[in-house]
Amino acid sequence: MIAAAVGAILLASVTLYAVFGGADFGGGLWDLLAGGDQRGRAPRRLIDDTITPVWEANHVWLVFDLVIFWTAFPHAFAAVMTTAALPLWLALGGVVLRGAGFAFRKEARQLSLERAFGASFAFSSLITPFFMGTVIGAIATGQVPAEATHASLRAWTSTTALLIGFLFVSACGYLAAVYLADEAARCGNRGLETYFTRRAQAAGVVAGALSLATLAELHSSNPLLYDRLTGRAVALVILAGVCGLGVVIALTAGLTTGRRWRGAIRIVAALGVAAVVWGWGVAQYPVLLPGTPVTLTNAGAPHSTLAALVVLFVIVVVLVGPAFVLLFSLQGRRALLLPAAGGGAPPPAQPPRRPPAALRAAALGLAVGVAIIRRRRSAGRR
Amino acid sequence: MATTLGFHIILACLGIALPSIVLLAEFTGLRRRDQTALLLARRWSQAMGVLVAVGAVTGTVLSFEMGLLWPGLMRQYGAVLGLPFGIEGVFFFLEAIFTAIYLYGWRRLAGWAHFWTGVPIAVSGIFGAMSVIAVNSWMNQPGGFTVRDGQIVSVNPWQVYFNHAALYEMPHMVLAAYMVSGFTVAGVYAAGILRGRRDRYHRLGFALGFVPAAVLTPFQIFVGDTAARAIAQDQPVKFAAMEYVTHTSTDVPEWVGGVYVNGHVYAGLRIPGLDSLLVGFSTGTKVTGWDIVPGAYRPPVVWLIHLCFDVMVGLAFLLLLAGLWAAWAWWRRRRLPSGRLFWLLGAVSGLSSIVAMECGWVVTEVGRQPWVVYRLQTTSAAATSNGGVIASLSLIIIMYAVLGAVTISILRMLSRRWRRGEVEEADVPYGPQQRAANRTAS
């Protein structure tokens with residue numbers, strides 16, 4: 001039971017990484033496709049302003065996912081890390097180049113340097129989700145043996161795995177474009193709104209097609225998973241499809257009629273992606289590595305570790321949740337700007353309305369929260 | 001792994017303690033309405049932004065490498081040592097979130113409100129560091145779990161986190177982080193002063209880094225001394241390697257410097273009985289030598305461990321000396337020493353503190369070999385069975401060399417821009433916004 005709870009926690013963290021971190025990767029994708037220096041300047045600027053303050057916090061979900069994975073299911077973790085070592089190394093290389101490229105691009109003032117860092121950011125935004133997708137593909141198709149001793153190329157280069165890799169890239173692009181279109185609408189920039197709406201539509205259609213292709217391919221590569229996806233997880237699969245279709249239709253309607261669903265459309269898009277992740281999880285439950293006897297309950301961690309992880313996740317929700325809300329609400333009010341937002345950027349829309357006292361109280365409250373939660377955790381341990 | 005850690009540890013130190021120093025500058029600036037201190041705080045936070053981003057990246061690399069390079073370790077002990085990492089994750093989240101708010105909130109948040117958004121960064125930096133050190137100290141003094149038939153059947157997270165070695169490793173590392181950050185900041189400004197930029201801006205920048213670091217140095221020496229004595233009990237073989245104790249005996253001499261080859265110490269200074277005196281406050285104290293375990297269970301390259309230990313201790317006393325000098329001058333004349341020698345010392349203090357920390361890290365890591373988890377799992381059992389380790393390692397080293405070089409050059413670029421007086425940071429919070437008229441499109 002508790003193993004299932006931890007499995008759900010892992011899936012929830014993966015979902016959060018997918019909908020937040022994934023969108024940041026998608027931003028890199030659109031940066032890559034934005035064209036030359038002149039033509040791509042406006043969209044790049046928007047991508048930059050939107051991602052910069054939040055990407056690091058979103059990125060922590062990846063580290064957190066890994067930690068939960070290895071703590072709760074160490075045997076499966078070791079098996080995956082050994083079998084899929086190559087794509088994981090490549091994804092990791094992507095993470096490094098991306099983070100560094102992005103961090104440095106802001107500080108590099110020379111155009112050539114900025115271009116080089118920008119390119120490394122954009123290109124690695126493409127390869128990282130792709131290789132992560134192939135790793136998920138290797139797991140889903142049952143190519144990861146329980147007692148892995150060496151890396152395998154075949155495991156993650158099956159048609160299904162490659163399809164999932166492309167699916168990841170397109171889903172990231174789709175999420176990012178939906179968010180960015182909304183962001184552009186919020187800034188009142190009609191041109192960019194149309195620009196990203198078109199891309200969201202295209203990416204949405206591609207992601208949908210790839211999802212269907214993956215499903216069809218699973219029919220032959222992992223019939224059991226296919227049966228489950230069309231069986232007990234069918235509600236989630238349908239939800240994903242409905243969300244995707246709904247977003248594409250709403251975007252089209254928004255372009256023709258000018259009616260917008262601010263914010264809501266982001267949530268529906270994220271919900272669609274989350275439904276895919278959960279559909280996979282529900283279909284696979286309780287098996288951790290398909291094709292092996294490794295399940296959630298026998299993957300190596302004792303009961304007390306799993307219990308501690310549940311406590312830990314409660315702490316994350318209580319402590320990190322409000323902090324994220326604060327970050328995103330400040331970001332939503334455009335209160336977080338680059339120190340150097342000069343060079344033709346639109347001037348900030350309005351003076352700050354937020355009373356500083358409220359923010360100070362929030363920060364203080366969190367600091368106090370740290371102390372309280374730490375005590376609570378120590379109580380939870382005993 | 002070692003390379004990544006060696007590189008990450010510098011960034012981690014700056015990530016842990018630099019926010020506190022930035023906050024100290026901001027506090028000074030707000031309290032005394034000191035524009036120079038505020039300017040320093042703003043500029044440092046920009047550098048902090050770059051360092052935290054690179055630190056987040058190398059931290060991710062580490063968590064991947066745990067699995068990619070050490071699947072054996074994770075398979076066996078992941079359920080145990082994952083817990084402190086999980087706790088670290090909570091603080092990593094808070095750090096990343098508040099760093100974003102702090103960095104990008106300069107313009108829109110009023111003075112003290114902005115200051116308070118930085119406080120959680122400093123706090124979570126300390127607790128995050130403690131959590132990571134909990135893992136490392138657990139590897140030195142594993143405990144808090146029960147094994148049946150080779151399987152871990154229960155874990156006590158409290159005992160894992162606060163294992164025996166954590167009590168001295170945690171303060172040692174947190175203090176080291178503060179010293180590295182403080183002295184590094186001070187070193188940058190001392191170098192500027194040596195080049196003739198003797199204005200208030202540089203002096204204040206120096207003092208804001210130097211004072212906290214120098215104040216902490218004696219505490220660090222005390223903690224380190226306690227730690228060494230504890231290691232003589234907890235990990236006698238490591239201690240024997242640190243001090244060239246070949247045989248268990250009383251009246252053990254202390255070697256200062258020297259290279260141990262084939263049973264001889266060359267070019268070292270031998271002080272009779274001092275090692276016993278340091279361990280047990282009496283020359284009659286019996287100190288365990290490395291002869292208690294067979295050769296296969298002794299760490300390799302003892303001379304490296306010993307020399308690193310000596311360098312660390314020596315540099316700590318050098319830094320202490322610099323602090324005492326400054327304190328003396330302040331007490332006598334209410335100002336920092338003006339002699340060129342002092343500023344030279346200040347300029348090298350940053351590098352020395354980094355070297356000292358890296359040496360300490362070599363002592364604790366190499367000294368634990370051949371074990372990865374002390375007396376439970378050897379390093380070779382923990383490592384990946386995949387081929388291509390050499391290839392991936394060289395790739396990592398190249399990657400880090402590039403990353404390191406770029407980080408440094410970006411920081412230099414920032415400092416050059418500051419010196420030219422470009423205006424982006426002159427966009428004072430709540431001040432009139434100045435537009436960079438001379439800047440071309442970015």
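Please find the FRET efficiency linking A:ASP227 to A:THR149, where r is the Cβ-Cβ separation and R0 is fixed at 45 Å, and quote it to the nearest 0.05. My answer for the efficiency is 0.90.
All C-alpha to C-alpha distances of chain B, sorted into 20 Å bins beginning at zero, yield P(r) values of 23, 53, 22, 2 percent in whole numbers. Full extension of the chain between B:LEU376 and B:LYS286 yields a length gain of 29.8 nm, computed as 0.36 nm times the residue separation minus the alpha carbon distance. Rg and Dmax over the alpha-carbon atoms of the range B:8-60 stand at 12.3, 40 Å. In chain B, the longest principal axis of the Cα atoms and the axis of helix B:71-104 are about 10 degrees apart. If you take each beta carbon of peptide B:40-49 and count the beta carbons of other chains within 10 angstrom, what is the mean? If you average over the peptide's residues, the count of other-chain Cβ atoms is 2. Size descriptors for the range A:199-240, from the alpha-carbon set: Rg then Dmax equal 11.6, 35 Å. Here the protein assembly as shown is treated as a sphere whose radius is the Kirkwood value from Cα pairs; by Stokes-Einstein at 20 °C and 1.002 mPa s it diffuses with a coefficient of 76 µm²/s. The loop-placed chymotrypsin sites (Phe, Trp or Tyr not before Pro) in the range B:101-134, going by DSSP, include none that has at most 14 neighbouring Cβ atoms within 10 Å of its Cβ. Extent of the range A:25-114 along its three principal axes (Cα atoms, max minus min coordinate, largest first): 51, 24, 20 Å. Restriction of the trypsin sites (Lys or Arg not before Pro) in the range B:314-346 to DSSP coil positions whose beta-carbon has at most 16 other beta-carbons within 10 angstrom yields B:ARG334, B:ARG335.
Sparsely packed loop sites in the range B:19-82 (the trypsin sites (Lys or Arg not before Pro) outside DSSP H, G, I, E and B with at most 11 other Cβ atoms within 10 Å) comprise B:ARG32, B:ARG33. Projected onto their three principal axes, the Cα atoms of the range B:145-232 cover extents of 68, 24, 17 Å, largest first.
When the charge dipole of the range A:6-111 is built from unit charges on Cβ atoms (+1 for Lys and Arg, -1 for Asp and Glu) and taken about the Cα centre, the candidate among A:TYR17, A:PHE102, A:MET81 whose Cα reaches farthest toward its positive end is A:PHE102. Once the C-beta distance of B:GLN159 and B:TRP330 is scaled by a Förster radius of 35 Å, the resulting FRET efficiency is 0.20 to the nearest 0.05.
Calculated mean residue ellipticity, 222 nm, chain B: -24500 deg cm²/dmol, from DSSP H runs (n ≥ 4) at -39500 (n - 2.57) each, averaged per residue and rounded to 500.
Within the protein assembly as shown, A:CYS172, A:CYS187, A:CYS243, B:CYS13 have no other Cys Cβ under 4.7 Å of their Cβ and so lack a disulfide-compatible partner by this rule. Remark: the A:VAL317-A:LEU245 segment gains 22.8 nm on full extension, using 0.36 nm per residue and subtracting the alpha carbon distance.
Between A:LEU212 and A:ARG333, the contour length at 0.36 nm per residue exceeds the Cα-Cα span by 39.8 nm.
Among residues other than B:LEU269 with Cβ under 12 Å from its Cβ, the summed charge is -1 (Lys and Arg +1, Asp and Glu -1).
If only the Cβ of Lys and Arg carry +1 and only the Cβ of Asp and Glu carry -1, the dipole of chain B around its Cα centre is close to 2040 debye. Using the alpha-carbon atoms, what tilt in degrees (0 to 90, nearest 10) does helix B:302-333 show relative to the longest principal axis of chain B? Approximately 40 degrees, to the nearest ten. Mind checking which of B:GLY182, B:PHE127, B:ASN140 is farthest towards the positive end of the range B:106-231's charge dipole, using Cβ charges of +1 (Lys, Arg) and -1 (Asp, Glu) about the Cα centre? Of the candidates, B:GLY182 comes out farthest on the positive side. Summing Cβ point charges (Lys, Arg +1; Asp, Glu -1) relative to the Cα centre of the protein assembly as shown gives a dipole of roughly 3060 debye. Across the range B:43-149, Cα-Cα pairs farther apart than 23 Å form 39% of the total. Per-residue mean of foreign Cβ neighbours for A:86-92 is 4 (Cβ atoms of other chains, 10 Å radius).
Taking other residues whose beta carbon is less than 14 angstrom from the beta carbon of B:ALA165, and scoring Lys, Arg as +1 and Asp, Glu as -1, yields +1.
No value in this document is a laboratory result; all are computed from the given coordinates. Predicted model, so just to flag it, every value in this text is computed and none were measured. Neighbour counts are summed over all protein chains in view; Cβ atoms, including those assigned to glycine, are modelled from backbone coordinates with ideal geometry.
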